[in-house]
Amino acid sequence: MELFPMLHSRSWLFAASVAALLHSCAAEVVLENNRYSGIVVAIDPNGILPIPEEQEQVIDGIKDVMTKASEAVFEATNHRAYFSDVKIVIPEDWSVQTDNYTSGSFESWRLSDIRIVNEGRHNSAPMTIPGGGCGIPGANMEVPLDYVTEQVVQAMYGETGRVMAAEWLKYRYGVYEEHGYPGDSLYPHAYLDVSSNQTRPTGCTNHEVLEGTWKNSNGQPCDVTTEDGGLDPGCRFTIDDTTSDYSIMYITHTSIPGVTHVCDAATHDPAIPTRHNILCNGKSIWDIIMQHADFADGNNPADESKPDTTPSFTIAMPSQPALYLIIDDNCGQKAGGEGTECPAKAVYTHLKETVRTLLTSSTTLPRMALRKYFYGFSGAFNNKDPLLPLDEIDVDNFMDFFPTLELERHDNITSPELALTKALDDIATSDFEGQVDIFLVQMIYTEEDGTEYPELLLEEVSVTGVLYGDTGYNPWMQELTQQTQGKFFFDPNHDVSDVDVPLLDLIPEFQIITLLQVDTLLDTEMVFEVYVDSGIGIDTTFTVEFTESGGEVTLTDSIGTDVPAELPSTVVPDAVEGKWSLTIKNTNNGMASIYVTSRPRPDTDQIEVKTWTSASSNGEVDLSAKGLVFYVSVTQGNIAIRDLEVTVRYYPGVGAATHLSVTLLDDGLGNPDVQKNDGIYSAYVTDFGSDADEKTIFFADVSVTVASPPLSPPQRIQLEEANEKNIMYLTNDYTKILPQDPFAVEPCCGSVAPDAIPVAVSRGLKGATSVVILNGPGNNPYDPPPSQVTGAAVSNTDQDGPLIQAGTVLVSLSWKAPGKDFTAGTVTGYEIWYSESKTQIVNDFTSCTLIQDDEYEGGKPVPGAYGSEQTVTIRLPKKVEEDAQYYLVVVGLDGVQRVSEFYLK
């Protein structure tokens, strides 16, 4: 009898999975009566397709692949879902106009579900950017342009509809592929199936329905198992496309007409080392799909009426909405209390400079308005028609109308409701016919803390709110922003730069990049270095504010030339690339605040930061069922950025709350990060502080910096380098290759994503999100469950050695230690259970046989720190008359009977 490891992990806590709220567009896609509506496909605005005929070709290609995808999704979901309507957002500089064309739209490239990219990240196949763990929807889908327009490229990857459907299942439901990767340590392309004593291709189901042969790149039969017991990545399974029946999530099955579904509980094997099994606790893809809110509780049962699954298409060209600023003319309060400070002064000084730059720069922003308010008062700049074209605004007068707070107004309450009502009247009576973004800044409580707010023109107005202060927040403002597809930000710290994040998010073409932000105590001359890379340098602003008089600043550019510096700010219109230095000193000491920003150069890929959590679609996380995870994606164009320091600072929306922080990692270990170097950083939250109740909203700020900034510009991997790494880039010159050929295209990506780059400059990037926790710690400390046991393996079996007792066999096991509180701390101990029934141990391992203390050879294992190697030798029964096959589970304990599991056999 032999035992062989099945590299598969399972987590007791995270058996349930639901959809996550990634960004505003994710919540807008709705499934009703089996029809998906609100799907947005956006074409890369940086693409160059000046000829209308080529533009029409792209649009026709999108319609074709989405129509085929709709039919395939309908089959894959067992007739429960298909695409009803799809909006295609084209770039603003396109000239094509087709049927069902509309101009002006809130939808955009940044908020799209499916992005048509100029070139794929790793090849020309459609790809879902994963959102996180099991059941967490993807960040978006990316479909390369040549896949949309070139049928020869589509043919390389299988039947177009099923290829797209497989990616939609990943994007919408948070499931993963059901195959392995040649040479991958976590998700190998083959494994040893002990029941048949055969090496099998990594998949998801009963192998009798997966037929084929192992072949090398020359098409010759080969042995996938090497002499030393390893796996040969050059020997791959070639399926028989006339007899195989499997899953569309298996890489080459999308080419077989008869394969239209995914594995379910009846056909799924939870012990095979696929990414889906490891991340989804051994549950089948169908089980995870049916747990999604689209289908849970009987929603959207199968439609057997044979509906027409062809979606309707609308072509939209996005237009930049007008901007209406509504500013609270109050000081606000910090912890010192009323009258001690006026924190709004610094915030508005910073905001004014941002707005001035916006007014004087070349943007597509059509109009802007400014209204300020305090309790019982609301006034607008140019009251007769506040919503003015930018070229009609006197910039200096506009800036003078900003709240100056010279009187340091410290009202106890304020009146944003009044200002909102008047602003909506302005919009309704204006001759401007486009959409309007309202940007509302509030410094103190409103008089109304309920849910009363003005009736809104929901089709034309979006409200984004920023609430400063340390005395809580107004629930009605958050509801208002959610109902109008806006965003809500709460900042108890009066961080002056935080106002930029939501404002600039409303104007995607206008970015201000933070290069340096620091507050320092002065006692000597200090020098700060700032690197300006080739992608930025426009309107680079060096700001230094001293708390004491007598401050001096010297600014030196990258070639050693001194640049005349003024206080508090010096603007360099076109900064020379390289390392700049800022020397400051003050004979009177005191404090100095240094803030350096720059704007991107035209036609350059900029760094994009997305932030989301493991919350359900309503923005809530029930801690009794799952943990809170923060996710941050950082990309440049569609290239992942690695080697970053990503920190989330989070705090509840209550007065004087403790601020907590957690560092996010991109390590691909599944605890909780899914893939290394994919540019998505993640971490569990294990500490909610002393201010969290059983139901609490938490707000989060995200900071992204570089530990050791390289000074060379980022570059894509070259083709010759790609070939060395077995990565294939496709061009339109490729001839058709049989899609079931496992050597036609390298599958991407396994446990480590290729092509990630270090960012070319040290930048401070910010994002923000919020989440509601349910069943929080209340008055008791939060006690999270353990993380997964990972990497379990059988390292040795001994049936005949001198230590063998009659009727037993010695089995040596190894695994990676879990953390006690997710990845923190050390578990209190381990249990090992076994059974001859896979179904029994997967469904209820506590009904199986527990290894007793005297059955551990040399004693029970001593728990080690998270990630450390754990080893043990146990005794199992030996059958004399027949071979025996055992399934085992390694269980980590945290002292309160909560466990972490890993299955092997």
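The values are calculated or read from the model by the stated rules, or taken from the named source; none is laboratory data. These figures come from a predicted structure and were not determined experimentally. In this analysis, Cβ positions are derived from the backbone assuming ideal geometry, glycine residues included, and neighbour counts consider all displayed protein chains. Just so you know, the surface numbers come from the protein's heavy atoms only, side chains and all, with ligands and any DNA or RNA stripped out. Shrake-Rupley method; radii C 1.70, N 1.55, O 1.52, S 1.80 Å.
Residues are listed down the side, and each one gets a yes or a no for (1) among the hydrophobic types (A, V, I, L, M, F, W, C); (2) crowded, with 16+ Cβ neighbours inside 10 Å; (3) at pLDDT 90 or above:
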position	(1), (2), (3)
Val862	yes, no, yes
Glu869	no, no, yes
Val872	yes, yes, yes
Ala884	yes, no, no
Tyr887	no, yes, no
Val899	yes, yes, no
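Only one of these conditions is not met by Pro508: (1) over 26 Å from the mean Cα position of the chain (by Cα); (2) modelled with pLDDT under 80; (3) farther than 17 Å from Thr769 by Cα; (4) not in a helix (DSSP H, G or I). Which number is it?
(1)
Has segment 521-528 got any residue that is open to solvent by less than 20 Å² (accessible area, probe 1.4 Å) and touching a strand residue (DSSP E or B) at 6+ places or on another chain (Cβ under 9 Å)? Walk me through it before giving the result.
Just the residues of segment 521-528 that are open to solvent by less than 20 Å² (accessible area, probe 1.4 Å), to begin with: 522.
When the remaining residues are screened for being touching a strand residue (DSSP E or B) at 6+ places or on another chain (Cβ under 9 Å), the result is 522.
Yes, segment 521-528 contains at least one residue that is open to solvent by less than 20 Å² (accessible area, probe 1.4 Å) and touching a strand residue (DSSP E or B) at 6+ places or on another chain (Cβ under 9 Å).
Of the residues that sit in segment 661-683 and are in contact (Cβ under 8 Å) with a residue 40 or more places away in the chain and of a type in the set (Val, Ile, Thr), which one is surrounded by the fewest Cβ atoms within 10 Å (Cβ to Cβ)? Even if it seems obvious, please write down each step before you answer.
Step one: of segment 661-683, the residues in contact (Cβ under 8 Å) with a residue 40 or more places away in the chain are 668-672, 674-683.
Checking the rest, the ones that are also of a type in the set (Val, Ile, Thr) come to 674, 680.
Numbers: Val674: 24, Ile680: 27.
By that ranking, first place goes to Val674.
Residue by residue through segment 595-611, note down the ones that are over 30 Å from Asp93 (Cα atoms) and either acidic (Asp, Glu) or in contact with a Leu (Cβ under 6 Å, 6 or more places away or on another chain) (or both). Spell out the reasoning first.
Let us first name the residues in segment 595-611 that are over 30 Å from Asp93 (Cα atoms), namely 595-596.
Answer for segment 595-611, where residues must be over 30 Å from Asp93 (Cα atoms) and either acidic (Asp, Glu) or in contact with a Leu (Cβ under 6 Å, 6 or more places away or on another chain) (or both): just Val596.
When you go through (1) within 28 Å of Asp498 (Cβ to Cβ); (2) open to solvent by less than 30 Å² (accessible area, probe 1.4 Å) one by one for Pro568, which number turns out not to apply?
Tallying (1) within 28 Å of Asp498 (Cβ to Cβ); (2) open to solvent by less than 30 Å² (accessible area, probe 1.4 Å), Pro568 fails exactly one: (2).
Under the condition of being crowded, with 20+ Cβ neighbours inside 10 Å and of a type in the set (S, T, N, Q), which residue from segment 572-623 is nearest to Lys766 (Cα to Cα)?
Among them, the one singled out is Thr611.
Can you find, within segment 792-818, the residue that is least open to solvent (accessible area, probe 1.4 Å) among those that are modelled with pLDDT under 75 and among the small types (Gly, Ala, Ser)? Step through it out loud before you land on a result.
Let us first name the residues in segment 792-818 that are modelled with pLDDT under 75, namely 799-807.
Within this subset, residues satisfying the condition of being among the small types (Gly, Ala, Ser) are 801, 806-807.
Values: Gly801: 17, Ala806: 106, Gly807: 45 Å².
Applying the filter and picking the extreme gives Gly801.
For the structure I just gave you, tell me whether Gly332 is crowded, with 18+ Cβ neighbours inside 10 Å, under 21 Å from Ile136 (Cα atoms) and touching an Asp or Glu at 6+ places or on another chain (Cβ under 9 Å). Don't jump to the end; show me each part of the working.
Numbers: crowded, with 18+ Cβ neighbours inside 10 Å: yes; under 21 Å from Ile136 (Cα atoms): no; touching an Asp or Glu at 6+ places or on another chain (Cβ under 9 Å): yes.
So Gly332 does not fit the description; no.
Going by the structure shown, is Glu159 modelled with pLDDT under 90 and farther than 23 Å from Asp64 by Cα?
Details: modelled with pLDDT under 90: yes; farther than 23 Å from Asp64 by Cα: no.
No.
Quick one: count up the residues across segment 433-475 that are at pLDDT 90 or above and more than 17 Å from Tyr373 (Cα to Cα).
2
Which fully enclosed strands (runs of 3 or more DSSP E) of segment 516-594 have 3 or more residues being touching a Phe, Trp or Tyr at 6+ places or on another chain (Cβ under 6 Å)? I'd like the intermediate steps shown before the answer.
Details: elements: 526-532, 536-546, 551-556, 569-574, 578-586.
Of the strands (runs of 3 or more DSSP E) lying wholly inside segment 516-594, those with at least 3 residues that are touching a Phe, Trp or Tyr at 6+ places or on another chain (Cβ under 6 Å) span 578-586.
Tally up the residues in segment 364-402 that are over 16 Å from Tyr324 (Cβ atoms) and in contact (Cβ under 8 Å) with a residue 40 or more places away in the chain, please. Step through it out loud before you land on a result.
Here is the first cut: in segment 364-402, the ones over 16 Å from Tyr324 (Cβ atoms) are 364, 374-377, 391, 394-397, 399-400.
When the remaining residues are screened for being in contact (Cβ under 8 Å) with a residue 40 or more places away in the chain, the result is 364, 374-377, 399.
The number of residues fulfilling the criteria is 6.
Can you name the condition, by its number, that Asn299 falls short on among (1) over 24 Å from the mean Cα position of the chain (by Cα); (2) open to solvent by less than 50 Å² (accessible area, probe 1.4 Å); (3) touching a residue at least 60 places away in the same chain (Cβ under 8 Å)?
Going through (1) over 24 Å from the mean Cα position of the chain (by Cα); (2) open to solvent by less than 50 Å² (accessible area, probe 1.4 Å); (3) touching a residue at least 60 places away in the same chain (Cβ under 8 Å) one by one, Asn299 breaks only (2).
Which of the residues belonging to segment 840-860 are surrounded by fewer than 15 Cβ atoms within 10 Å (Cβ to Cβ) and touching a Gly at 6+ places or on another chain (Cβ under 9 Å)?
Across segment 840-860, the qualifying residue is only Asp853.
Can you tell me which residue in segment 236-284 is modelled with the highest pLDDT, limited to those that are crowded, with 24+ Cβ neighbours inside 10 Å, assigned to a loop (DSSP other than H, G, I, E, B) and among the polar types (S, T, N, Q)?
Ser284
Of the numbered conditions (1) modelled with pLDDT of 90 or more; (2) surrounded by fewer than 24 Cβ atoms within 10 Å (Cβ to Cβ); (3) charged (D, E, K, R), Arg172 fails exactly one; give the number of that condition.
So Arg172 meets the others, but not (2).
Which numbered condition trips up Val355, out of (1) in contact with a Ser or Thr (Cβ under 8 Å, 6 or more places away or on another chain); (2) closer than 24 Å to Pro573 by Cα?
The single condition Val355 does not satisfy is (1).
Is it the case that Asp844 is of a type in the set (D, E, K, R) and modelled with pLDDT of 90 or more? Lay out the reasoning, then the answer.
Details: of a type in the set (D, E, K, R): yes; modelled with pLDDT of 90 or more: no.
In short, no.
Here is a yes/no grid of residues against (1) closer than 28 Å to Arg763 by Cβ; (2) assigned to a loop (DSSP other than H, G, I, E, B); (3) modelled with pLDDT under 90:
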| site | (1), (2), (3) |
| --- | --- |
| Ala625 | no, yes, yes |
| Thr635 | yes, no, yes |
| Val674 | yes, yes, yes |
| Ala683 | yes, no, no |
| Thr696 | no, no, yes |
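Could you tell me which residue of segment 402-421 is modelled with the lowest pLDDT, considering only residues that are surrounded by fewer than 18 Cβ atoms within 10 Å (Cβ to Cβ) and closer than 14 Å to Gly379 by Cβ?
Step by step, filter segment 402-421, then rank; the result is Thr404.
For a quick check of your reading: which strands (runs of 3 or more DSSP E) sit entirely within segment 319-433 and have at least 3 residues that are touching a strand residue (DSSP E or B) at 6+ places or on another chain (Cβ under 6 Å) and either closer than 24 Å to Arg599 by Cβ or of a type in the set (S, T, N, Q) (or both)? Break it down stepwise before answering.
Values: elements: 322-328, 367-374, 377-380.
In segment 319-433, the matching strands (runs of 3 or more DSSP E) lie at 322-328, 367-374.
So that you can scan it fast, the table gives a plain yes or no per residue for (1) at pLDDT below 90; (2) farther than 30 Å from Leu111 by Cα:
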position	(1), (2)
Asn123	yes, no
Pro130	yes, no
Leu145	no, no
Tyr176	no, no
Gly180	yes, yes
Ser196	yes, yes
Val209	yes, yes
Gly219	yes, yes
Asp223	no, yes
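Applying the selection to segment 537-550, what residues are more than 24 Å from Ile512 (Cβ to Cβ) and of a type outside the set (D, E, K, R)?
Just the residues of segment 537-550 that are more than 24 Å from Ile512 (Cβ to Cβ), to begin with: 547-550.
Within segment 537-550, Thr547, Ser549, Gly550 qualify.
Filter segment 637-660 for residues that are touching a Lys or Arg at 6+ places or on another chain (Cβ under 9 Å), open to solvent by less than 40 Å² (accessible area, probe 1.4 Å) and either in a strand (DSSP E or B) or within 30 Å of Asn493 (Cα to Cα) (or both) and give the result.
Across segment 637-660, the qualifying residues are Ile639, Ala640, Leu660.
Go through (1) of a type in the set (A, V, I, L, M); (2) at pLDDT 80 or above; (3) not in a loop (DSSP other than H, G, I, E, B) for Val827 and report which single condition fails.
Single failed check for Val827: (3).
Residue by residue, here is whether (1) closer than 30 Å to Ile326 by Cβ; (2) hydrophobic (A, V, I, L, M, F, W, C) holds:
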| position | (1), (2) |
| --- | --- |
| Gln511 | yes, no |
| Asp519 | yes, no |
| Phe528 | no, yes |
| Gly550 | no, no |
| Asp562 | no, no |
